[in-house]
1. What is the mean projected area of the alpha carbon convex hull for the chain, to one decimal in square nanometres?
2. Out of all DSSP beta bridges with both ends in the chain, state the antiparallel percent to the nearest 5.
3. Find out how many positive minus negative residues lie around Pro157, taking Lys and Arg as positive, Asp and Glu as negative, among other residues whose Cβ is under 13 Å from that of Pro157.
4. Which order do the peptides 329-337, 167-175, 309-317 come out in when sorted by mean C-beta neighbours inside 10 angstrom, highest first?
5. Could you list Ser278, Ser46, Ser66 in order of exposure, starting from the residue whose Cβ has the fewest other Cβ atoms within 10 Å?
6. Pairs Lys40/Lys100; Lys179/Lys250; Lys39/Lys100; Lys73/Lys250; Lys68/Lys179; Lys68/Lys127: which exceed 22 Å Cα-Cα?
7. Sorted from fewest to most neighbouring beta carbons within 10 Å, what does the list His375, His129, His115 look like?
8. Quick one: net charge around Gly102, please, counting Lys, Arg +1 and Asp, Glu -1 for every other residue with C-beta under 10 Å from its C-beta.
Amino acid sequence: MADVDLTKRRAATDVHGAVDYSAPAITFDRVRVTYGRGKKATDALSDFNLRVAPGETVALLGPSGSGKSTALKALAGFVRPASGTVRLGGTDVTDLPPAKRGIGVVVQSYALFPHMRVRDNVAFGLKSHRVPRNDVGPRVAEALEMVGMSGYAARLPRELSGGQQQRVAIARALAIRPKVLLLDEPLAALDAQLRQAMLGELQRLRDALPDTAMLYVTHDQSEALALADRIAVMRDARLVDIDTAENLWKRPPSSFTAAFLGGANLIPCTVNRVIGTSALVTVGQSTLNAEAPQPAIGKVDWAPGSAALLCVRPHTLQIVATSERDALRANVTSNVWRGASTRLTLAVDGLPDSPIEVDVAGQAQFDSGHAVGLHFPEQAGVLIEAPEGAR
Ligand code: ADP
Ligand code: MG
C-alpha cells in the first residue's frame, strides 16, 4: 500500500477553533436498529454511540453488512430505531419524518429522477423546504457550480456519465444548504480512475463547507483516510474503534482495525519488558524493539510474558542478507509484482502459522524458496492486544 500523507490533514479544531461537543451536529445515543420480527429479528445496529462536531467529517468504515448504512438511515429517518435517540444539533429528531430533518443525503446509486432534467433534479428538495420561488434558480446554479456541473442544467440523467450523475446527486443534496451531509458509498459505483478524481473533488467540497458536518459511509479504507477527520470502525452492528485517522493508522487499538485499515502484518509475539512506550518483544527466536502504546484509559497492561500481536506494515520491513546480525531467517513463498513495488510473502523460521508480507521497491528478483533475512527497523512495529481466545 502506498504511504498515506497525514501531515496535511485538516483537523476539525484548525477550522473551527475549539470543537463544541456540548452541541454536536450529530448525536447517536445508544441507538439500536432491528430488522425482521420474532425469531428472525437481527440487530443491524447495537448500542451505537457517536457524536460528530459541527463541520467535522467522520467516516463510518467497515465491511459489508456491518451496519454502516443502517446507521445513516437511522439518522436520515429512513429506519426507526428500536431504542435510543438520534439528535441533530440539540434537537431530538428520532420521531421526525425524513423531509423535516434538513439533511442532505447522497447514495451510491445516485437516485436521480430519470425523466427530470438536471436543474429540476437539483431543485427537487427545495420545494419541500419552502424555498421562495425566486431563490430556486440561484440556489440550483450555486449547487451545480459547487460540483462543477454548471453547463449541464438542461441535460437528462441518461445523457450524463456515472461520475456526472453522482455530481448532480451531490448538488441536489447541497441545494438545501444542509448543516449535515450524509454520503453512503458515493464512489462505489465508479471505476477506479474516476473514483480517484472524485475523491479529490470531495476533499475540495469538504473544505468549501467548513460548517457542514459530514458522515461518510465506506468500506474503502483509502477513502476514509483521505476524507475523514475521524474514522469510526464498525463490525457486526457495533462501533469497535473511533479516533483520528492518524491515530488509528499509527496505533491501531485492535487487530480488527489494524487489518481493516492498513493491510498490516499481525505477528504473534511475547512481551519481555516495557519501559514507557518502548517494548522488547520476542518474535520467533528473535528479540525486537517495538512501540507499546499507552492508552488514555488504562486498560492495556503489557505484562512481561503476556502474548500480544506486533502490527507491522509490509513497506516498513526490510529484506537483508541471511548472514546479517539480528535478521530473522525466512523463505520466500510468493512474489507478486505490483508495478512500483513487489509484495513478498515470507515463511519465517519459528513462526509456522504467520506468513509475513513485505513490500520491496521495484521488481524484486526473489523466486519461491529463496532464503532471505528479514530485518525489523527500530520501532517498526506497534503492539496490539491479542484478541480473546488467542491469549
Ligand atoms: P453495511 O451498510 O455496513 O453494508 P447494512 O447497514 O446495510 O450494512 O446492513 C446491516 C445488516 O442488516 C446486514 O446484516 C443486512 O443484511 C441487514 N439488513 C439491512 N437492511 C435490511 C432490511 N431492509 N431487512 C432486513 N435486513 C436488513
Ligand atoms: Mg451499506
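1. On the way: hull surface 92.0 nm².
The number I arrive at for the chain is 23.0 nm².
2. Numbers: 61 of 82 bridges.
Counting DSSP beta bridges with both partners in the chain, the antiparallel share is about 75 percent.
3. Local net charge: +4.
4. Values: 329-337: 16.1, 167-175: 25.4, 309-317: 21.7.
Descending packing order for the listed peptides: 167-175, 309-317, 329-337.
5. On the way: Ser278 13, Ser46 16, Ser66 23.
Ordered by Cβ neighbours within 10 Å, fewest first: Ser278, Ser46, Ser66.
6. Values: Lys40/Lys100 32 Å; Lys179/Lys250 31 Å; Lys39/Lys100 34 Å; Lys73/Lys250 31 Å; Lys68/Lys179 20 Å; Lys68/Lys127 29 Å.
Check vs 22 Å cut-off fails for Lys40/Lys100; Lys179/Lys250; Lys39/Lys100; Lys73/Lys250; Lys68/Lys127.
7. Working: His375 18, His129 14, His115 10.
Ranked by crowding around the Cβ, least crowded first: His115, His129, His375.
8. Numbers: positive: Lys100, Arg101, Arg177, Lys179; negative: none.
Overall, the nearby charge balance is +4.
Any read-out appearing in this document is the output of simple, stated calculations on the displayed coordinates, not a laboratory observation. Just so we're clear, the structure is a prediction, and the values are computed from it rather than from any experiment. Ideal geometry is used to build each Cβ from the backbone, glycine not excepted, and the neighbour counts take in all protein chains shown.
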